[in-house]
Amino acid sequence: MIYPSVKIDLEKLRNNTNRIVNLCKEKDIEVMGITKGICAFLPAVRAIIGGGAKKLGDSRIKNIKMMRKEGIGLPIYLIRCPMLSEIKEVVDLADGSLNSELEVIKALSYEALAEGKKHKVILMVDVGDLREGVMPEDALDITEEILKLPAIEFEGIGTNTGCFGGVKPTYRNTKILADLANCIEKKYSIELKTISGGNSDTLNLLKESELPPRVNQLRIGEAILLGTRVNKFPELQLYRDSFVLEAEIIEVKMKPSRPIGEIACDAFGKVPVFEDKGLMRRAIAAIGRQDCIIEGLSPLKDLIEIIGSSSDHLILDVTKSKDINVGSKVRFRLSYSALITLMNSNYVTKNYS
């Protein structure tokens, strides 16, 4: 095997998907399986489909193109608002897209009309996280303009929280979306098919029936991939180790715990701070910030501690792990930020079983 390597347990991934899909199905909520966290890695995508996901979403048109090329026929949505420069590919490859700019929706209409297609649009509404989305007070007027456009199917409205501003999904801010759906339907005498209420964080609102009943879709990535974000549902018993990093040790030596000499900026412009613990048995794993957001790694072995990293090296305290030697393999659990960067690295192999 070539290291570093992300090991993927497809059965655990299928199980996670199935448990979340079934949980949502009980509440008449559709799950859009989000594949951006795995860069649409095909064996993992197929495991998510095998777990029951009937619709997929990705933020990169290149990923959607790859899935189409490999025969994935499920409805796929572009979940990052389209760029004007990629409109043709969006219409060609995606069944629908999440949007917030009328200019872009008009461009989608023009292209879809030229190709004799219908493109589905979900209008994103900003309920406080201040990432993408129209402000709620502007949504009715923009809806009116969208409804005039040919070759566009106005599927519904959606929102997102927790990704940029860290705003927690609540009954109150999700109800803004639900109330807005009611207003749109009443004013324009239409029925919205989809009220896309959020992401993995929003799943927790299901526990105490705090999700407004109009919400009928959630876009789920992290909870499926890593079993995280769903802290109110321990009974789901989601696997947190569907993806595990294995890295090889390239050096083990006794060294001081604090660098010797005047401390300045490191290679990434930060001034590191080190606690003086005396001599330490230190190991270096062959992986670094060029491959991964190191802060998202957690050693599976409790006796190992991450000290820091450079572009290509991960420094570990293995004083309490006498069995760690040159050539040893160290395993790490991943956060979402670590997963998405590792899957995007050409220097990290992906192995599945």
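The values are calculated or read from the model by the stated rules, or taken from the named source; none is laboratory data. As the structure is a computational prediction, the values presented were derived from the model and not from experiment. With ideal geometry, Cβ positions are generated from the backbone for all residues, glycine too; neighbour counts draw on all protein chains shown. The area values use the complete protein model at the heavy-atom level, side chains included, leaving out ligands, DNA and RNA. Shrake-Rupley method; radii C 1.70, N 1.55, O 1.52, S 1.80 Å.
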| Any hit, the stretch 89-102, residues being out of contact with any strand residue (DSSP E or B) (no Cβ under 7 Å at 6 or more places or on another chain), modelled with pLDDT of 95 or more, farther than 26 Å from Val45 by Cβ and of a type in the set (Gly, Ala, Ser) | no
| remark: The condition of being part of a strand (DSSP E or B) and of a type in the set (Ser, Thr, Tyr) holds, among Ser85, Ser97, only for Ser97
| request: Of the conditions (1) in contact with a helix residue (DSSP H, G or I) (Cβ under 9 Å, 6 or more places away or on another chain); (2) surrounded by fewer than 16 Cβ atoms within 10 Å (Cβ to Cβ), Ser310 clears all except one; give me its number. | output: (1)
| Condition test on Ile249, is it in a loop (DSSP other than H, G, I, E, B), of a type in the set (Val, Ile, Thr) and farther than 22 Å from Ile48 by Cβ? | no
| message | For the list (1) among the aliphatic types (A, V, I, L, M); (2) in a helix (DSSP H, G or I); (3) under 24 Å from the mean Cα position of the chain (by Cα), I need the number of the one condition that Leu113 fails. | response | (3)
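Listed here are the residues, each with its yes/no results for (1) free of Cβ contacts under 8 Å to residues at least 24 places away in the same chain; (2) assigned to a helix (DSSP H, G or I); (3) open to solvent by less than 60 Å² (accessible area, probe 1.4 Å).
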site	(1), (2), (3)
Ile2	no, no, no
Val6	no, no, yes
Arg14	no, yes, no
Val31	no, no, yes
Gly37	no, yes, yes
Ile49	no, yes, yes
Ala53	no, no, yes
Lys65	no, yes, no
| remark: Asp323 passes all but one of the listed conditions (1) without any contact (Cβ under 8 Å) to a residue 12 or more places away in the chain; (2) under 26 Å from the mean Cα position of the chain (by Cα); the exception is number (2)
| said: Against the definition (buried (at least 16 other Cβ atoms within 10 Å of the Cβ), over 18 Å from Leu130 (Cα atoms) and touching a Pro at 6+ places or on another chain (Cβ under 7 Å)), how does Ala223 come out, yes or no? | reply: no
| query | In the stretch 172-196, which residues are touching a strand residue (DSSP E or B) at 6+ places or on another chain (Cβ under 6 Å), open to solvent by less than 40 Å² (accessible area, probe 1.4 Å) and not aliphatic (A, V, I, L, M)? | reply | Thr194, Ser196
| task | Answer with yes or no whether Ala44 is touching a residue at least 40 places away in the same chain (Cβ under 8 Å), of a type outside the set (Ser, Thr, Tyr) and assigned to a helix (DSSP H, G or I). | result | yes
| message | If I filter the stretch 225-263 down to residues being of a type in the set (S, T, N, Q) and over 12 Å from Asn16 (Cβ atoms), which single residue comes out as farthest from the chain's Cα centre (by Cα)? | response | Ser257
| said: Looking at Pro136, Pro169, Pro150 in this structure, which one is touching a residue at least 12 places away in the same chain (Cβ under 8 Å), farther than 21 Å from Pro82 by Cα and open to solvent by less than 70 Å² (accessible area, probe 1.4 Å)? | reply: Pro169
| query | Residues of the stretch 16-29 being in contact (Cβ under 8 Å) with a residue 60 or more places away in the chain, at negative phi, open to solvent by 30 Å² or more (accessible area, probe 1.4 Å) and in a loop (DSSP other than H, G, I, E, B), which ones? | reply | Lys27
| Meets criteria (over 20 Å from Ser5 (Cβ atoms) and of a type in the set (Lys, Arg)) for Arg289 | no
| query | Under the condition of being open to solvent by less than 10 Å² (accessible area, probe 1.4 Å) and touching a residue at least 40 places away in the same chain (Cβ under 8 Å), which residue from the stretch 153-166 is nearest to Ile76 (Cα to Cα)? | reply | Glu155
| note | Reported set for the stretch 213-246 where residues are within 16 Å of Ser196 (Cβ to Cβ), in contact with a helix residue (DSSP H, G or I) (Cβ under 8 Å, 6 or more places away or on another chain) and part of a strand (DSSP E or B) is Leu218, Ile220
| said: Which condition from (1) under 21 Å from Asn204 (Cβ atoms); (2) assigned to a helix (DSSP H, G or I); (3) open to solvent by 20 Å² or more (accessible area, probe 1.4 Å); (4) not aromatic (Phe, Trp, Tyr) is the one that Ile142 breaks? | reply: (1)
| request: Being in contact (Cβ under 8 Å) with a residue 24 or more places away in the chain and under 14 Å from Ile146 (Cβ atoms) is the filter here, so list the residues in the stretch 83-106 that pass it. | output: Gly96, Ser97, Leu98, Asn99, Ser100, Leu102, Ile105, Lys106
| request: For the stretch 119-129, indicate whether the set of residues that are assigned to a loop (DSSP other than H, G, I, E, B) and among the charged types (D, E, K, R) is non-empty. | output: yes
